[in-house]
Amino acid sequence: MRCEEGDGRADGIGGAPVEEAHGKGSSGAAIPAASRVMRPASRAPRQPSFAPDALEAHRHTDLELIRLHAPGDLDAHGRSIGKVPFRGWRVDAPVDFAAASRHLAEGSNVGVRLRPIDLVLDVDPRHFLDGDDPVARLASYLSVDLSNYPTCVTGSGGRHIYMLKPADAQLVETLEEYPGVEFKTHGRQVVAAESLHPTTGAASRWDDDSLAVSIRELPSRAALIALAARRAATVGADASGGYSPEQLDGWLGALAVAEFRDHDRWLSLMMATHHATGGDGRDEFVAWSTADPEYADDAWSMGRRWDSLSADGAGSRVTAGTLFMELKRAGRADLIPRPSAEEDFAEDLEAFSTPGAPADATPAFHPAATRD
């Protein structure tokens, strides 16, 4: 198995999609054509169903708001980016409440950029096993009533349960025993209330008692932090290539995802992208992988596999060099950063060019599960 809160609304909002006029990111660097935005030729203002009070609840929370694309926006490959932030969202300043409200009213979505102290339980019931309720089991284990926490019901029927954690607590994003639940924190974002789901067109809304507990006053759940604590042996991105998730997004956009249906080739690329970004390219790799229709519903399981990667130094290491060789194979050597892959990743390139892996070559990254 290779899943996400929802797919893209491919039919857009109105008119045929056209490419966004600008071709540069917030840093001024050219955006690869594969990463540019395809936008409906016209976009109607938000209809009267717009409920500004839903976003209003964010005003008093200190949460950081960011701009997302419009529900009908597509990338140059026709993939939905209606829940995807603008480039540079990790480093650019958040928008204020007034700007976020205007962005919504103009027909686009708004997201919440999670701070080091934020923890959101992202619940997607589509990935629950038959007859199982992992959220109820988690609440029982923690001896906590999750209904007392601010909860946003998403346009696809999922839930975002807002909590707090110590800023220095590092968490895994998934646990095998709780399928359909992600532990999202710093470096991730979730859609804000009133944003529209690209497929269903339904808005995310706070539940009936969204501010029963103020986000500012939420207690940190020590048992939950201990349960999802990230251990060095599990993640181990200690020798990363130092590239940003936005760089990875551009590189993956140059690779045809359907050419990676071979499990071993896909797995090697996942290991390479994990190394290249120090584990921070999770969203980008999962979004790219699920653009393949054969694996469109497998974001949770692929995210779980990403979370299981480690870099313990045993055997031959799969690094960013494998990613760069795939770019070279795809005819996009122009995207490889300099110093060249040949200089920085000589061992990877040699192994990559040798048909078949040596019998004693064990990747330094070890996924906990296998893709079906």
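FYI, it's all coordinate maths here, none of it is from the lab. A quick note: this is a predicted structure, and the numbers were derived from the prediction, not measured. Backbone-built Cβ (ideal geometry, glycine too); neighbour counts: all protein chains shown.
Computed 3J(HN,Hα) for region 64-75, one whole-Hz value per residue from the Karplus formula 6.51 cos²θ - 1.76 cosθ + 1.60 where θ = phi - 60°, is 8, 9, 9, 7, 10, 5, 6, x, x, 5, 10, 7, glycine and proline marked x. Counting 0.36 nm for each residue step from residue 139 to residue 330 and taking away their Cα separation leaves a gain of 64.0 nm.
Remark: spin-label model distance residue 297-residue 99 equals 4.0 nm, labels positioned 7 Å along the Cα→Cβ axis.
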